[in-house]
Every structure is written in structure tokens, then in C-alpha cells.
Amino acid sequence: EAIRWCGTNLREVIDFTGLHPSANKWTWEEYEAVVAKDGFKIFTLEGSHMVSEGDYVIRGVKGEFYACKPDIFWMTYERATTPLSHTERKGEPFKCGNCDTPKLCEKYEACRAEERERLSTPAPKEPT
């Protein structure tokens, strides 16, 4: 499972990863301000790791998380043949998560449009 960090979908990403205990000292609004100022980081098996906009956050087989650059992600992983259900996904597909309205913010929609384009492009055939 993976989710793309678009810079505006903090709530959706935190729904996916869970909030690290180190962030419990802040209110949600304070946490958003810290991420806006200092950037978004996840906690991997190796320690904390900054996640750049456009990176994918991947959940490993043991429930651990790590970041992956988009080009490496698309060269390494395949789209799941069976999509997750709404409850497994823990969020609305293509919903920003930046607010409670179903309207998508412009930046997030551009990010998801790029992802949809890549999903609709057939993988290159291997040479025979």
C-alpha cells in the first residue's frame, strides 16, 4: 500500500500512516503549521526521514513506512489488481483531505491527475 504526499493532503497521509507519538504535543492546527514550516517527515525503521512533495509513502509488509521517489516507485511497483475498498483506503479516493469539502484543491488535483495519467499509460514491453 502507498499514498503520494502532495503537500496538501496531510490529513489523508496521516490517516494512512497514523500520527507519530512525537506529534501528540501539538494540536492538529499546530502540527499543520510545523509541517508547513519544517516539512513532512515519517519515521522509518532507520529513524526519521523527510518526505518531499511528490514522494510516495509506502507501508511495508511489517507495517513500517518508508518514502520512495516517484520515478523509482513507478519502476518498482505495479498497480494492485484488486483496488482497496473505501474502508480499507481510510479516505475518499482523489479527495484532498485538506478540508472537509469534497472540492479538491488545485495543487492536489494536479498531483492526482499526474498519477491517473501514469496509471492509464501501459507499461513498456520487455524486449524479447
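The values are calculated or read from the model by the stated rules, or taken from the named source; none is laboratory data. The structure displayed is predicted, hence computed values, not measured ones. Reconstructed Cβ throughout: ideal geometry from the backbone, glycine too, with neighbour counts over all protein chains shown. Surface areas here come from the heavy atoms of the whole protein model, side chains and all, with no ligands, DNA or RNA. Shrake-Rupley method; radii C 1.70, N 1.55, O 1.52, S 1.80 Å.
List of remarks:
- Separation in nanometres of the label points that stand 7 Å from Cα toward Cβ, at M50 and E1: 2.8 nm
- Under 5 Å, built H, 5+ apart or other chain: amide partners of E64: none
- Distance-filtered residues of the range 36-53 - backbone nitrogen under 15 Å, label point 7 angstrom along H20 Cα→Cβ: 36-52
- Computed accessible area, W26, all protein chains, 1.4 angstrom probe, square angstrom: 90 Å²
- Backbone geometry of the range 50-63 corresponds, through the Karplus equation with coefficients 6.51, -1.76 and 1.60 at θ = phi - 60°, to 3J(HN,Hα) couplings of 6, 10, 7, 4, x, 5, 9, 9, 10, 9, x, 5, 9, x Hz, x marking Gly and Pro.
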